[in-house]
Amino acid sequence: MKFRTLLFLAGAVPALLWAQRTQPPSPTQPGRQPATTRPTTPPRQPGNNNNGQGANNTQSAKIEGFDGTAWGVTYKEMKDRFRVMASNANAADNVEIIADNPDREILIRRREIYYRYVFYKKPAAKPVESMPRPSSTQVPPADKPVDNDPTIGTAKFFFVESIFPLLKSEELYTKLSEKYGQRTGSSVGETMRGAHTWEKEEGFLVQWVEPYAKQGYTRSLYYLSRKIRDEIKNDLQAWQYVREIKALDSLLK
């Protein structure tokens, strides 16, 4: 897959789906700290039970979810989990829920690292006549949740971003390669700006790289579910071309 496609997935899809969401305040600009500032522990990586966790093994780690949480877990399940962790005074990690937008996004801070969990909820079915006509200048507004909506809390976890103080990109890249194997793509050039990408059967990993003091640094990692990504693409296409699809169906009958 070309890198520009991953850029669309990591940026354009969330922008289209959540254009009207409440944006949480920028979490103390975690990436703006000096390059010598590092988190006390490295960014938490997804948990998995498979064998092979290094580039030298015959099987590298999968991208089945993040931190032991599988893709597709509902917003309610995730929020309940974080509430329990945040209220547990004896927990090994201090978890703080910074902001959340029901069925859309949860932002937490854990071990001084920020994690932004993003969820997807299939648009409610509507009669074709009630749908807005496609327009190149206007995006259909997102439906506001209704209090008595029985589907509240059912949005599925499909994307997560970890945000941390600047780390040397090569050091982090080495650790990621040991865990996930050889990267499948990269747009990082002489300017030390771009991204390394890993494409797996279950999902994608993107390591963003940016220059600082003539060296490459990373402050953000993206993890994305392949299956739910495809579902989102299909749903968006059906929404955009619903009238055309209905017309074609009538011709084929």
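A compact table of results
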| quantity | calculated |
| --- | --- |
| Failed item, numbered, when Tyr223 is tested on (1) under 17 Å from the mean Cα position of the chain (by Cα); (2) free of Cβ contacts under 8 Å to residues at least 12 places away in the same chain | (2) |
| Boolean, Tyr222 is loosely packed, with under 15 Cβ neighbours inside 10 Å, on the phi < 0 side of the Ramachandran plot and of a type in the set (Phe, Trp, Tyr) | no |
| Residue list for region 188-220, restricted to those being assigned to a loop (DSSP other than H, G, I, E, B), farther than 20 Å from Val160 by Cα and either modelled with pLDDT of 95 or more or not small (Gly, Ala, Ser) (or both) | Val188, Glu190, Thr191, Met192, Arg193, Lys214 |
| Residue selected from region 51-107 under the condition of a type in the set (Ser, Thr, Tyr), closer than 20 Å to Ser225 by Cα and not in a loop (DSSP other than H, G, I, E, B), by the criterion modelled with the lowest pLDDT | Thr69 |
| Selection from region 186-198 of residues that are surrounded by fewer than 19 Cβ atoms within 10 Å (Cβ to Cβ) and either within 17 Å of Lys62 (Cα to Cα) or of a type in the set (S, T, N, Q) (or both) | Ser186, Ser187, Thr191 |
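The values are calculated or read from the model by the stated rules, or taken from the named source; none is laboratory data. Small disclaimer: the values here were computed from a predicted structure and weren't measured. Reconstructed Cβ throughout: ideal geometry from the backbone, glycine too, with neighbour counts over all protein chains shown.
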